[in-house]
Amino acid sequence: MDEYKVVTHNENETISIAQNIESEKFQNMVICLNGDLGSGKTLFTKGFANAMGIDDVTSPTFTIIKEYQGELMLYHMDVYRLEDSNEEIGVEEYYDRGGVTIIEWSDMIRDRLPKERLEIKFVITGENTRTLVFTPYGEKYRNICESAL
Ligand SMILES: Nc1ncnc2c1ncn2[C@@H]1O[C@H](COP(=O)(O)OP(=O)(O)O)[C@@H](O)[C@H]1O
Ligand SMILES: [Mg+2]
C-alpha cells in the first residue's frame with residue numbers, strides 16, 4: 001500500500017500542506033483524518049477550508065457535521081462522539097453531493113467510509129512537530145499525493 005510521509009515543524013507548514021491538497025480538490029472528494037487530540041486534524045481542515053474561501057470553520061465536535069459554502073460545499077464531520085449518541089446521521093449521504101467531505105476520527109466509522117478516499121494520520125512527535133502519513137485509496141487520490149506532497 002502506498003504511503004506518503006510529511007513532517008511539519010509548525011502550524012503554518014501543516015496549513016500549507018492542506019492548501020496544496022485543496023488545490024487538487026474535486027467534487028465528491030473525501031478526506032479522512034485520524035490521530036490523537038491536538039495532533040492537527042482541525043487545523044488541517046481550517047487550512048483547507050480557508051483555501052476554499054471559507055474562514056469560519058470551528059470544530060464540529062458537538063454537532064457532528066457542519067456544512068459550509070465555499071468554491072464547493074464543505075462537509076466537516078467529527079465522528080468521535082457518534083457511537084455514544086443515538087443520533088442517526090447518514091454520513092454516507094454526504095459523499096456524493098458534489099462537495100468535499102472531511103471526517104475527523106474516521107477510524108471510528110471504518111465500515112461507513114467510501115472505497116476511494118484520502119486518509120491522513122497525524123502523529124505528534126514534539127510540541128510543534130507532526131508527522132502526517134497519507135494513504136490514498138484509489139487512483140485519483142494517489143495522483144493528488146504525487147502532485148501535492
Ligand atoms: N506542526 C503542527 N501542525 C499542526 N498543529 C500544530 C503543529 N504544531 C503545533 N500545533 C498545535 O496543535 C494543535 C492542533 O489542534 P487541532 O487542530 O484542534 O487538533 P485535533 O483536531 O487533531 O484535535 C493546535 O493548537 C496547533 O497550534
Ligand atoms: Mg479536531
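The values are calculated or read from the model by the stated rules, or taken from the named source; none is laboratory data. As the structure is a prediction and not an experimental result, all values here were calculated from the model. Cβ: placed from backbone, ideal geometry, glycine included. Neighbour counts: every protein chain shown.
Residue check: D96 meets all listed conditions (1) touching a strand residue (DSSP E or B) at 6+ places or on another chain (Cβ under 7 Å); (2) modelled with pLDDT of 95 or more; (3) charged (D, E, K, R) but one, namely (1).
For segment 47-58, the candidate set comprises residues that are surrounded by 12 or more Cβ atoms within 10 Å (Cβ to Cβ) and either small (G, A, S) or within 15 Å of Y75 (Cβ to Cβ) (or both); within that set, the residue that is farthest from ligand 1 (Cβ to nearest atom) is G53.
Residues are listed down the side, and each one gets a yes or a no for (1) under 19 Å from N28 (Cβ atoms); (2) among the aromatic types (F, W, Y):
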{"position": "G40", "(1), (2)": "no, no"}
{"position": "L43", "(1), (2)": "no, no"}
{"position": "N50", "(1), (2)": "no, no"}
{"position": "V57", "(1), (2)": "no, no"}
{"position": "F62", "(1), (2)": "no, yes"}
{"position": "I65", "(1), (2)": "yes, no"}
{"position": "G70", "(1), (2)": "yes, no"}
{"position": "D78", "(1), (2)": "no, no"}
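Cβ-Cβ contacts under 7 Å between residues 6 or more apart (or on different chains), taken from a first residue in segment 38-53 that is touching a residue at least 60 places away in the same chain (Cβ under 8 Å) and closer than 12 Å to I120 by Cα to a second residue that is among the aliphatic types (A, V, I, L, M) and in a helix (DSSP H, G or I), are listed as F44/A18. Taking the numbered list (1) in a strand (DSSP E or B); (2) exposed (fewer than 12 other Cβ atoms within 10 Å of the Cβ) in turn, I31 passes all entries but (2). Scanning segment 47-81 for residues that are within 13 Å of ligand 2 (Cβ to nearest atom) and more than 17 Å from L118 (Cα to Cα) yields a total of 11. When each of E13, E71 is tested for being at pLDDT below 95 and surrounded by 13 or more Cβ atoms within 10 Å (Cβ to Cβ), the lone residue that passes is E71. Whenever a residue of segment 60-76 is polar (S, T, N, Q), its partners that are part of a strand (DSSP E or B), lying with C-beta atoms within less than 9 angstrom and at least six residues away or across chains, give the pairs T61/D78; T61/E104; T63/D78. The residue that is nearest to T131 (Cα to Cα), among those in segment 1-15 that are away from ligand 2 (no atom under 16 Å from the Cβ) and assigned to a helix (DSSP H, G or I), is E13.
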